[in-house]
Each structure stands twice: as structure tokens, then as C-alpha cells.
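Shown next, in C-alpha cells, is the structure this report addresses.
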Amino acid sequence: MIEPQTLESAFVFILGLIVGSFTNVLIHRLPKEESPASPRSRCPQCGHPIAFYDNVPVFSYLFLKAHCRHCRGLISPRYPLVELGMGLLSFALWRRWHAHPLWFVSSLISAAALIAISLIDFETFLIPDILSLGLVGLGLISAPFNPLFGHESWWMKLWISFRGGLGGFLICFFIAWLGEKIFRKEAMGGGDIKLLAAVGALTGALGAFDCLMMGSLLGTFYGLSLMFKGKVTRSDPIPFGPFLSAAAIFNLFYLLPFGFPFRF
């Protein structure tokens with residue numbers, strides 16, 4: 001007999017795979033300003049609608065051997081990787097927050113949006129407002145049951161979320177303004193500013209500060225590695241959204257005391 005805990009873990013993992021499948025839709029359609037709801041999924045190469053049995057997360061990719069059933073065009077490995085990544089993230093978030101199911105749902109949605117932001121920004125240097133501002137709204141809505149904000153009253157948690165969103169926006173805006181004054185070019189895009197506001201709304205001022213520190217560190221290592229390989233120069237732009245998003249996903253699990261003396 002299968003134990004309830006095993007069934008629960010399997011359900012959470014499958015839920016993550018399904019969310020990952022929709023995340024792929026966002027990644028593909030939002031940069032083109034297409035609706036993620038309609039029309040139904042189609043092969044990006046031949047345009048043929050994808051049947052439901054060919055749209056099963058991960059399994060369909062393996063069953064079809066990474067090719068479209070109709071045109072035999074190659075399917076990008078990004079699709080199963082995003083789905084599998086969301087499945088693993090869903091499982092990990094559930095293990096961390098199973099005692100707070102509402103926050104688990106909010107953090108899973110947030111993680112999906114952050115992964116979409118990462119890949120869209122990496123490919124297009126754009127962060128769709130519907131994702132960043134949507135996360136701001138989600139942060140405020142989920143604030144009353146957000147365990148990262150401690151055991152405060154619901155209205156105090158709402159204030160912490162609002163303050164965090166405003167703080168994240170102002171910190172990033174100031175850095176962008178200062179960088180433009182010093183380097184005479186755009187140091188940080190408007191999408192990054194809105195994204196850090198979203199991180200602040202979800203994880204507080206401490207989370208926004210942590211995210212900025214960790215994202216900057218990751219981005220620096222990435223930029224230096226590209227420069228070392230001769231792929232970019234100091235003047236070439238590098239998308240910052242993927243690194244902020246990676247740090248933000250970490251913040252959904254834990255907050256580091258980088259932002260001391262900020263409490264949240």
C-alpha cells in the first residue's frame with residue numbers, strides 16, 4: 001500500500017510539472033505579446049495544433065523523441081527542462097512550507113513567474129510588466145499568510161509587504177540613477193526595478209536587499225566568465241533579471257541577514 005506522504009509528494013511534483021508546462025507558454029508567447037490562454041498550443045515550426053496526448057509534461061518530449069509528430073521538427077530541450085525544474089521546485093517548496101499551504105501556492109506561482117522572467121530577459125532583455133507587476137500584486141495579496149513575515153498581525157504583514165515593495169523599488173531606482181550618472185549609460189533597466197519591487201512585496205525589505213546582493217554577485221561572476229572567454233566586453237549589456245530571479249527563488253525558501261538592520 002502506498003503511503004499518504006508518497007502520494008502527496010507525487011501530487012505536488014505532478015502539479016509542478018503542469019505549472020512548468022504553462023510557464024513554457026508564458027516564455028514563448030509573452031515576448032510576442034500573444035495571449036497565453038488562446039489559441040491552443042501549436043508547434044512553433046509548422047503551426048499544427050498540439051494534441052493533448054502530445055502535451056504531457058516531460059513524457060511527451062521523451063515519447064516523441066524530441067520531435068514534432070507532424071513536421072518532425074526538433075523540439076527545444078528547454079521545454080522539458082523547465083517542466084522538470086518546476087516539478088522539483090514544487091516538491092522542494094512543499095517540503096519547506098507544507099505547514100503553510102496558501103503560501104506554498106503563492107510561492108509556486110512566484111517561482112514560475114521568476115523562471116519565465118529569467119528566460120525571457122535572457123533572450124530578449126525585456127521583463128514583461130504583467131509578470132513583475134503581477135508579482136507585486138501577489139505579494140500584497142499573500143502577505144497576511146506569508147510565514148517569512150513572522151507572527152505579526154495580518155495588517156502588519158500587509159504593511160511589511162507594502163514597505164518591502166516600495167523599498168525594493170527605491171533601492172533599485174537609486175542604483176539605476178546613480179549608475180547612469182557615473183557611467184553615462186543605463187545601468188539597470190526599468191524591468192529590473194519593477195522586479196525588485198516585486199521581490200520586496202513577496203519577501204520584505206530584507207528579501208529585496210538580499211536579492212540585490214546575491215543577484216549582483218551572481219551577475220558579476222557570470223559577466224567575468226564571459227569576459228574571460230572573450231565573448232563580451234565591459235561595454236556589452238548583460239541581462240540582470242535572471243540573476244535577480246535566481247536570488248528571489250532562494251528567498252522564497254529562506255532570508256539571509258544581509259539586510260541587517262532591516263528586519264523584513
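In region 34-62, of all residues being loosely packed, with under 13 Cβ neighbours inside 10 Å and polar (S, T, N, Q), the one that is modelled with the lowest pLDDT corresponds to S38.
The condition (being within 30 Å of W94 (Cα to Cα), free of Cβ contacts under 8 Å to residues at least 40 places away in the same chain and in a helix (DSSP H, G or I)) is satisfied by just one residue among I193, I249: I193. Kindly establish whether W155 is of a type outside the set (A, V, I, L, M), without any contact (Cβ under 8 Å) to a residue 24 or more places away in the chain, within 20 Å of G137 (Cβ to Cβ) and assigned by TED's automatic domain parsing to the domain that holds S118. Considered against the rule, which asks whether it is of a type outside the set (A, V, I, L, M), without any contact (Cβ under 8 Å) to a residue 24 or more places away in the chain, within 20 Å of G137 (Cβ to Cβ) and assigned by TED's automatic domain parsing to the domain that holds S118, W155 comes out as yes. Region 39-138 holds helices (runs of 4 or more DSSP H) entirely within its bounds, and those carrying 1 or more residues that are in contact (Cβ under 8 Å) with a residue 40 or more places away in the chain map to 78-97, 101-124. Note on region 63-89: residues that are closer than 14 Å to L17 by Cα and not small (G, A, S) amount to 10.
For region 211-246, taking the residues that are part of a helix (DSSP H, G or I) and among the polar types (S, T, N, Q), the one that is nearest to G85 (Cα to Cα) is identified as S245. Given the criteria more than 23 Å from P31 (Cα to Cα), surrounded by 15 or more Cβ atoms within 10 Å (Cβ to Cβ) and within 19 Å of the chain's Cα centre (by Cα), does A92 qualify? Yes.
The values are calculated or read from the model by the stated rules, or taken from the named source; none is laboratory data. All of these numbers come straight from a predicted model, not from anything done at the bench. As a convention, Cβ positions derive from the backbone with ideal geometry for all residues, glycine included, and neighbour counts pool all protein chains shown.
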